[in-house]
1. I need the Kirkwood Rh of segment B:84-161: take the reciprocal of the average 1/r across all distinct C-alpha pairs and report it in angstrom.
2. Roughly speaking, what is the centre-to-centre gap between segment B:25-44 and segment A:74-92 when only Cα atoms are used, to the nearest Å?
3. For B:ARG193, what residues show an amide H to amide H distance below 5 Å, using hydrogens built from the backbone and excluding near sequence neighbours?
4. Local charge sum around B:GLU188 (other residues, Cβ-Cβ under 14 Å, Lys/Arg +1, Asp/Glu -1)?
5. Which residues in segment A:56-82 have a backbone N closer than 19 Å to a point placed 7 Å from the Cα of A:VAL27 along the Cα-to-Cβ line?
6. What net charge is computed for the residues neighbouring B:GLY415, neighbours being all others with C-beta under 14 Å from the C-beta of B:GLY415, Lys and Arg scored +1, Asp and Glu -1?
7. With a ≥ b ≥ c the root eigenvalues of the C-alpha gyration tensor of segment B:294-353, is it rounded (a/c under 1.5), prolate (a/b larger than b/c) or oblate?
8. On full extension of the chain, what length is gained from B:THR463 through B:THR338, given 0.36 nm per residue of separation minus the C-alpha to C-alpha distance?
Amino acid sequence: MWNVTRSGAGAAEDHKLNVWGGSVLAVFALIALVISFIRPGPAGFFGPIMWARLFSILILMAGIGVAMGQLHVRNKQDFFGGVALIGFAVIAFLISIDLPGMRGFAFGPGTAPRLFAGVLATLGLIVAITGLFTDGPEGQRFTLRGTLVVGGALAAWFAMVWLFGQFTAHYAQPLATLVLAVVAFAGMHVLDNVGVRGPFMITLSIFAFAMFIRPLGLVIASFLTILLCAAAADDLQMHKGRATALILLPIITFPVFVYIWPFGETVSVWPFGNIALREIIAAALSFAICFGASPDARWRETIIIAGALTLFCSILFPWGLNLPFQLWPRFS
Amino acid sequence: MFDLLGNLALGMSVAATPTNIMLCLIGVLVGTLIGVLPGIGSLATIAMLLPITFGLPPVGALIMLAGIYYGAQYGGSTTSILVNIPGESSSVITTLDGHQMAKQGRAGPALAIAAIGSFFAGCVATVLVAALGAPLTSVALMFGPAEYFSLMVLGLIFAVVLAKGSVLKALAMILMGLTMSMIGSDLETGAERMTWGIPELSDGIGFVVVGMGVFGFGEILRNLEMKGTREIVQGKITGLMPTLPDLKRSAGAIGRGTVIGSCLGILPGGGAIIASFAAYTFEKRISKTPERFGRGAIEGVAAPESANNAAAQTSFIPLLTLGIPPNPVMALMVGAMTIHGIVPGPQVMSKQPELFWGMIASMWIGNLMLVIINLPMVGIWVRLLRVPYRHLFPMIVIFCTIGIYSVNNAPFDVGMTAIFGLLGYWLAKQDFEPAPMILGFVLGPLMEENLRRAMLIARGDVTVFVTRPISAVLLFISAVMLVLAMLPMIRARREEVFTE
């Protein structure tokens, strides 16, 4: 998402970034404005809705100004930080608009949130204005591709949840997360190229734990989490061949699980009544097999560490600390 | 005075039972173990280890948590001295002289003096907590909602003034924390606020989630980007004990550091970070040979280490007497106490004396343990530090993740933590300090409650905050502090302290 800019980065590059940054602001402001008109609250002219609109219009103007090159931002850190805070406050305004405010001299539930959001927006405005008039470190900035990859991954996840939800409502989220994880593994060089590997993989690994812990239990969930997390270190590389195998393996094993594995509804040895679950297990296993069989020392080391750590966690938390954890997959 | 001794005796009788000594020992050990890992501060350490205290009785749990806290604090200095990477922000300043000493082959004395200084400071601070507890509690009983509100304003202003970087941005961070803390059900009407209809949010966002995300995961994301080489002191560390001249030199520094640390620790919003900076700067200024600082002066280790430990312990005072957490770590302690059904505040001391005094007495025992245990264990910590970071961070992530999950057994919390991790990363990138935000987040609901109550009692009269004397004084101090921090001259000095 961020790249360290080399000294003397071209003016063209700078221009591109301004257009991009400004447009993002403008689009955000437009969306906020539209929402404020679709969903006007009960408040009057000077009510919260007016504040939300006022600050949205400010952001819109700032965005257009930056994109057109009219507004020269000297301290990008402060300017965009401040504008983001205003944006945060606008969102807070918009979602607390229905809450009743003051009743006589008694606070309503909406008073304090809007009070805080109002002050936040004002402070954000001052921070942003300071960013226009003082010089700041020309350090790190957003890169377009990094943001697109992260945004795209998020959109893909939601799309997959919807898609899988058509077949299996209960397991749509874990399944979508797993697919995302496999693709992220296979496309690691892409993540490296856009410079978002660390944040992407770690966030994904934590999400993965959240998604897997209920259906898959502690052992598999933590193993996968550790594996994903370890991949955030950029000295862990993925060969093209293995990446292809990683994508192909689940696809090949899918029919095996669905058609050749004959039980499910009738035999309770493998007690899943649900195809998506077999797919999750299949993908998880192939995921592990794929790396276990790899000749690369770093991967083998990582797998061993992940295994040892998983074992340690599975002993420590449920037994050592006596916390209620479900260890193995359990399906309804 | 007699009262004090009687109370401490009661505390000792609680803390010195075999079980509680054992819990204290485990807490100190585990706290140091995690605190030694670079990039994990005491906040993340406590959050991570919170689950291990769930099954314990309240007194034992608090004793263990306190042990974890100063264990982590001490572990942080070990990392500073040996690796030149501060284990946490309060030991940043220790790297200056501590690591230089280690390079000169005097890692042993540096670690020892850090431990001895911490022990001395801890002892003094413990007595201070005990002595100030009762009088402050009686002050707290005179506080009405208006005073509480003003006190929290003061705390937040202190957090702004004492944070490094721009005052304006720190203020903005506080407001961001306050706004975020409004998510969840309204206390009085039960109305859902800013929850987007998500049922998991109706209880608000847990403090552990925010703290762990911003300070734990956010830190890891940043560490991964830093390609710095870690120069660990190689070779065997010999000669642990400091020589007589060393001790003579550092005696004064330890004393002064303790005083500075104790004072700054009590202030709401203050805490260990500013204490260590202030003690170091002060020591350098009064030294006859200031040029030795930065080149392995033992005072440069002794003073900040005593100061941060003293501050870490005196910061329990506002929590235990007023019920207001003065810093994020204490806020986490509030969370831990609530899990055990204890509401921190003036009533703890009168209603559960054995808990209050037991915890205070255990601080003594814990500090003694730190000295005795840690010096022989330095070798183990060094070996731990040689583990490459690429193996450490998956470990940290999985422990944190499981820890958060086990607080409520809620996958939703885990996902939220990931989002807050990204937020912490973004804040660091935009040069916003996360500490004031966390404090605002913690105090938000309390502030709103007291503000509402004060307004209701005063029948909507805003002047109540300046007509009641205590409240007026508190607000006046906050205003003065804020103005002072904004003044160009003071601002330059403030920056000087932080860059040194």
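1. Computed over segment B:84-161, the radius equals 16.0 Å.
2. Between the Cα centre of segment B:25-44 and that of segment A:74-92, the gap is 35 Å.
3. B:GLY184, B:SER185, B:ASP186
4. Counting the neighbours of B:GLU188, the net charge comes to 0.
5. Residues A:56-69, A:80-81 qualify, since their backbone N sits under 19 Å from the label point.
6. -1
7. It is prolate, given that a/c is not under 1.5 and a/b is the larger ratio.
8. Taking 0.36 nm per residue and subtracting the Cα distance, the gain is 41.6 nm.
Taken together, the values in this text are just the output of simple stated rules run on the coordinates, not laboratory data. On a predicted model such as this, the values are computed, not experimentally measured, just so you know. Don't worry about glycine lacking a Cβ; one is built from the backbone with ideal geometry, like all the others, and counts go over all protein chains shown.
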